[in-house]
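Scroll down for the structure; my scribbles are underneath it.
The values are calculated or read from the model by the stated rules, or taken from the named source; none is laboratory data. Bear in mind that the values here come from a model prediction, so they are computed numbers and not experimental data. Don't worry about glycine lacking a Cβ; one is built from the backbone with ideal geometry, like all the others, and counts go over all protein chains shown.
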Amino acid sequence: MITLHGFAYSNYYNIIKHVLLYKNIPFTESLQYGANEQFLEISPAGKIPAITTEQGIHLSESSVCCDYLEDAYPEEPLYPANNEARAQVRQIMKISELYLELPCRRLIPFVFTQTAVPKVVAEEVRNTLSRGIEALIHLCVFTPYLAGSKLTMADIYLHYVMNVVDGVGSSALDWKIGDEIEGLTEWQTLIAGCDIAQKISVDREANREDFFATMMARVNNQPK
Ligand SMILES: N[C@@H](CCC(=O)N[C@@H](CS)C(=O)NCC(=O)O)C(=O)O
């Protein structure tokens with residue numbers, strides 16, 4: 001059986017978890033907050049999430065894990081069959097990560113410590129986000145899913161990216177980023193309403209306290 005390593009408060013973890021549940025792939029969850037030598041055997045860059053396959057191979061990087069799961073478990077496909085359409089789905093995923101998720105992540109330390117974001121950082125993040133927003137306006141069709149009438153990996157990916165955009169970016173920059181993309185709010189409601197997203201949201205909330213206690217202990221350099 002596949003093992004999913006990480007913690008339920010992580011949006012990257014939840015991307016993989018959503019794919020596993022959508023494809024009905026049996027898996028177990030192994031709670032892991034990283035930052036220890038042993039975990040590097042599983043995830044060489046120490047990043048959450050990682051999976052261990054049924055064959056005992058460890059894989060990290062969420063988009064790599066997504067592609068592995070699609071290749072190894074092609075039932076309930078999450079990419080279109082056509083090469084160009086597949087690449088377009090991956091394009092949305094890549095843009096979501098590089099130009100929405102990652103710039104918003106730069107703001108996490110400021111939100112976490114409740115300190116003001118330096119102007120130069122806010123400006124840089126805003127500029128990068130603006131490019132991501134323009135790209136998504138150009139690429140997403142919302143009919144009703146991002147790439148057409150069928151749910152794809154891009155829908156799962158962007159849904160969890162938006163956790164960080166809404167939870168960190170919008171509050172730190174005082175900017176409702178999602179509102180810039182027509183159709184995004186309705187799409188978010190659609191995805192958030194599905195059974196899998198609801199279950200993941202419940203599991204995420206259940207992990208909130210432990211996650212923040214672990215992070216605080218780390219910031220204060222104390223064992224938890
Ligand atoms: N590119 C990685 C990013 C994963 C990532 O940043 N995960 C966070 C948790 S949500 C993490 O491991 N943070 C701890 C660290 O960077 O040391 C992926 O797609 O899986």
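For the range 20-43, the criterion of a residue being modelled with pLDDT of 95 or more, under 27 Å from K176 (Cα atoms) and not aliphatic (A, V, I, L, M) is satisfied by no position. Of the residues contained in the range 164-185, one or more are found to be in contact with a helix residue (DSSP H, G or I) (Cβ under 7 Å, 6 or more places away or on another chain), surrounded by 15 or more Cβ atoms within 10 Å (Cβ to Cβ) and without any contact (Cβ under 8 Å) to a residue 12 or more places away in the chain. Scoring L78 on the criteria (1) touching a residue at least 12 places away in the same chain (Cβ under 8 Å); (2) within 18 Å of G169 (Cα to Cα) leaves a single failure, condition (2). Among the residues of the range 1-59, those that are within 22 Å of D203 (Cα to Cα), in contact with a helix residue (DSSP H, G or I) (Cβ under 9 Å, 6 or more places away or on another chain), outside any helix (DSSP H, G or I) and among the hydroxyl-bearing types (S, T, Y) comprise Y9, S10, Y33. Of everything in the range 65-75 that's more than 16 Å from the ligand (Cβ to nearest atom) and in a helix (DSSP H, G or I), which residue is nearest to L173 (Cα to Cα)? My answer is D71.
Tell me the residue from I51, I42, I92, I108 that is within 13 Å of the ligand (Cβ to nearest atom), crowded, with 16+ Cβ neighbours inside 10 Å and in contact (Cβ under 8 Å) with a residue 40 or more places away in the chain, please. Step through it out loud before you land on a result.
On the way: I42 fails: in contact (Cβ under 8 Å) with a residue 40 or more places away in the chain; I92 fails: within 13 Å of the ligand (Cβ to nearest atom); I108 fails: crowded, with 16+ Cβ neighbours inside 10 Å.
The conditions single out I51.
Among the conditions (1) over 16 Å from the mean Cα position of the chain (by Cα); (2) within 8 Å of the ligand (Cβ to nearest atom), S62 misses just one, which is (1). Within the range 10-32, which residues are within 8 Å of the ligand (Cβ to nearest atom) and aromatic (F, W, Y)? Correct list: Y12, Y13.
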